[in-house]
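**Student:** Just passing along the structure, written as structure tokens.
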Amino acid sequence: MDDVLRAIQKRQSARGPFDCRHFINAQDVQRILEAARWAPTAHNMQNFEIIVVDDLAILEKLAEIKSPITQAFIEENYRQLSFSEEKLEQKKVGILGTMFPEFMRNPTVKPKPNEQTASFQGRLVKASPVLLVVLYDPHRRAPASEGDFLGIMSLGCVMENMWLMASSLGISCHIVSSFNDDPAAQKVKTLLSIPNNLQIAFTCRLGYAMKPARDLRVRRDIEDFTYSNRYGIKA
Ligand SMILES: Cc1cc2nc3c(=O)[nH]c(=O)nc-3n(C[C@H](O)[C@H](O)[C@H](O)COP(=O)(O)O)c2cc1C
């Protein structure tokens, strides 16, 4: 039982470069896909498809796709950042601002021309041994799930299963959401021949990290989010 908890606690985001000469063996990729296969999905709809991208020429083209960073993203992101480890430890929610370029952590700094898009992730994508592009079909949904709410929750289960499997194999994982929305999503779809009825749920880079991730990781305490019998009543 403790092993499961330890595996859950050990899983973490890797946002640095991967060693592009250290390939992931095919058996390990299969293990990660097997973990996706057994994810719980609402009504067992298995509403996902996964493209395993390991062709360098395609990775290079994906890396060139730029996704504009909107002002709305910058503003909301800014509100959620902590600017020191102490502040983050106190807040217990959100992430540390130092992982973003300066214009995203200081509203008075204007982005440089090459920073106006999320292309700064491009070099990371290019040097990833494997990129998984997870797709979903919003029409393959559980009954009466307006907005495909249950389907989207199911994709979270797929993500977590694959992430835990990768982590247990010593393979790092970085979720890249910048390919989800247009115009980037449309370009990814064209490049990977993804049919129109499918949408990109998330993309994740898999590989062996050059350096261990050292980001401070915080969580709320259990009593911060639990109640006894009625909302608002603390045990
Ligand atoms: C749905 C989802 C989308 C995410 N998108 C991104 C992303 O685009 N870029 C990124 O660096 N991390 C992304 N993350 C990772 C979270 O930022 C990370 O899980 C969180 O900060 C907690 O850190 P940990 O994974 O190390 O525990 C995403 C995570 C989830 C579940």
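**Student:** Considering the options 175, 51, 199, tell which one lies farthest towards the positive end of the dipole of the chain, charges being +1 on Lys and Arg and -1 on Asp and Glu at the Cβ, about the Cα centre.
**Tutor:** Selected residue: 175.
**Student:** Another question, then. Number of Lys-Lys pairs in the chain under 22 Å by Cα, sequence gap 8 or more or different chains?
**Tutor:** Counting lysine pairs in the chain gives 17.
**Student:** When the Kirkwood radius is taken over all Cα pairs of the chain, what Stokes-Einstein diffusion coefficient follows at 25 °C and 0.890 mPa s, in µm²/s?
**Tutor:** Value of D from the Cα-based Kirkwood radius: 126 µm²/s.
**Student:** Could you estimate the translational diffusion coefficient of the stretch 142-192 from the Stokes-Einstein equation, with Rh from the Kirkwood formula over C-alpha pairs, at 25 °C and 0.890 mPa s, in whole µm²/s?
**Tutor:** Translational diffusion coefficient: 187 µm²/s.
**Student:** Okay, next question. Using only the C-alpha atoms of the stretch 70-116, find the volume of their convex hull and express it per residue in Å³. Write out the running numbers ahead of the final one.
**Tutor:** Working: hull volume 3.1 nm³, N = 47.
Dividing the Cα hull volume of the stretch 70-116 by its residue count gives 66 Å³.
**Student:** OK, next. Do you know the relative contact order of the chain, to the nearest whole percent, from alpha carbon pairs under 8 angstrom that are 6+ apart?
**Tutor:** On the way: 341 pairs, mean separation 79.8, N = 235.
Computed value for the chain: 34 percent relative contact order.
**Student:** Continuing with this model, one more query. Could you let me know the centre-to-centre spacing of the stretch 161-235 and the stretch 1-21, using Cα atoms, in angstrom?
**Tutor:** Their Cα centres are 12 Å away from one another.
**Student:** Then there's this: Listed highest first by mean packing, meaning other Cβ atoms within 10 Å per residue, what order do 53-60, 41-48, 124-131 come in?
**Tutor:** Put in order of decreasing packing, that is 124-131, 41-48, 53-60.
**Student:** Turning to a different aspect of this structure: Given q = 0.10, 0.12, 0.14, 0.23 Å⁻¹, what are the Debye log10 I(q)/I(0) values for the stretch 15-146, with equal point scatterers placed on the Cα positions and solvent ignored?
**Tutor:** Evaluating at q = 0.10, 0.12, 0.14, 0.23 Å⁻¹ gives log10 I(q)/I(0) of -0.53, -0.75, -0.96, -1.17.
Values in this text are rule-based calculations from the coordinates and carry no lab data. All values derive from a computational prediction rather than experimental measurement. For neighbour counting, all protein chains shown are included, and Cβ atoms are generated from backbone atoms with ideal geometry for every residue, glycine included.
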